[in-house]
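Worksheet for the structure shown next.
The values are calculated or read from the model by the stated rules, or taken from the named source; none is laboratory data. Computed from a prediction, not measured in an experiment: that's the story for all the values here. Cβ sites come from the backbone with ideal geometry, for glycine too, and all protein chains shown count toward neighbours. Heavy atoms of the whole protein, side chains included, go into the accessibility calculation; ligands, DNA and RNA do not. Shrake-Rupley method; radii C 1.70, N 1.55, O 1.52, S 1.80 Å.
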Amino acid sequence: MGQNGGVDVLRWIEPPAGPAVALLDQTRLPDEEVTLVCRDVPGLVAAIQRLAVRGAPLLGIAGGYGVALAAAGGADVAAAAHDLAHARPTAVNLGRAVHRVLSAHTEGRGALAEAHAIAEEEVAASARMGEHGLTLVPEDARILTHCNTGALAAGGEGTALAVVVAAHRAGRLKHLWVNETRPLLQGARLTAYEAQRHGLPYALLPDVAAGGLFAAGEIDLVVVGADRIARDRSVANKVGTYPLAVLAHHHGVPFVVVAPTSTVDLGTRTGDDIPIEQRAAAEVSVIAGRPMAPPGTPVYNPAFDVTPGHLVTAIVTEQGVMMQANEGSLASPGRTASDYTGNEGT
Ligand code: MRU
């Protein structure tokens, strides 16, 4: 699963070569396609924390297989699940998938079967999101995206990038603007890599150049992914998403969030309740091993920001499109908590 132009993004390895989880080490892209084989949970937790594997749906898949790995290796499965669920705090997919596979294990339904089921569901969800999102893409669309939301992040073809790829296949994509996505450059390193493999017409830009593009009328649509969508429709996504939403609103450009229901978390009431991961100072102050700030400079490095629901034109899931104009809270009449699995802590 998780094929990206022939590259395996994540795969379970059966014995005798395994049990193990094989990952495409995303920290080595775009220059090298290196497979990282995680044979135990501490190795997988480390891979998650240094973003060798990343992106909300793929984190869920990885977490699920992590529990299966613990179960197969006779480890303390509950302790392993705890470590996996807390490896990164913002993407709800991780804790949710870990809890789901742990429950399957505890109830004797088989951890690995449940992990496989999660992976298959995410692949199917990607395809549906691509189809639903396409309905929002105009002819000759010039689309801006942020971070990486393709196969590298999602198991299937992706979330937001699946919509872009669907638009390309439908002959509707004129141009894709790819924000580089400071500080870890998921746009430059990963989205540009995927765009090239898909043969998309694209250009990379520094994040700070997006405002000028909006002002020049060069953007028709913004599509981004999400790490957690709260009950009030607030969206946590890669830092830098919120300013894009403000710009889009100011310039009258639709701002569309594409995420599977495994990213929707009715257990988190508002955007203020979403835990935002803070990351190491060196990710900002050091570039390519060279200090870019005086030693000891304090750094603010949140991995995500929160976009309030009123700035989100539509949320696309595998179930369909929810337009902002027609919908209030995600728990509004006709949509209840049972539409989404809960945010179970582990
Ligand atoms: O820190 P990352 O690289 O895991 O952040 C990823 C994002 O913010 C993505 O936009 C999000 O997970 C949606 S991915 C399909």
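Quick notes on this one:
- GNM flexibility winner over the chain from 230, 281, 303 (Cα, springs under 10 Å): 281
- Crossing angle, helix 111-134 versus the chain [Cα axis fit, 0-90 degrees, rounded to tens]: 10 degrees
- The distance linking the stretch 73-122 with the stretch 195-226 is 35 Å (Cα centroid to Cα centroid, whole angstrom).
- D (Stokes-Einstein, µm²/s), Kirkwood Cα radius, the stretch 3-124, 0.890 mPa s at 25 °C: 176 µm²/s
- Relative compactness, the chain, computed as alpha-carbon Rg over 2.2 N^0.38 Å: 0.94
- Degrees between helix 56-72 axis and first principal axis of the chain (Cα, 0 to 90, nearest 10): 0 degrees
- When the solvent-accessible area of the stretch 3-124 is split by element, carbon and sulfur atoms take up 54 percent of it, the probe being 1.4 Å.
- Computed extension length for residue 175-residue 14: 53.8 nm, one decimal, from 0.36 nm per residue of separation with the Cα-Cα distance subtracted.
- Placing +1 on the Cβ of every Lys and Arg and -1 on the Cβ of every Asp and Glu, with no other charges, gives the chain a dipole of roughly 340 debye about its Cα centre.
- The chain - accessible surface per residue (Å², probe 1.4 Å): 39 Å²
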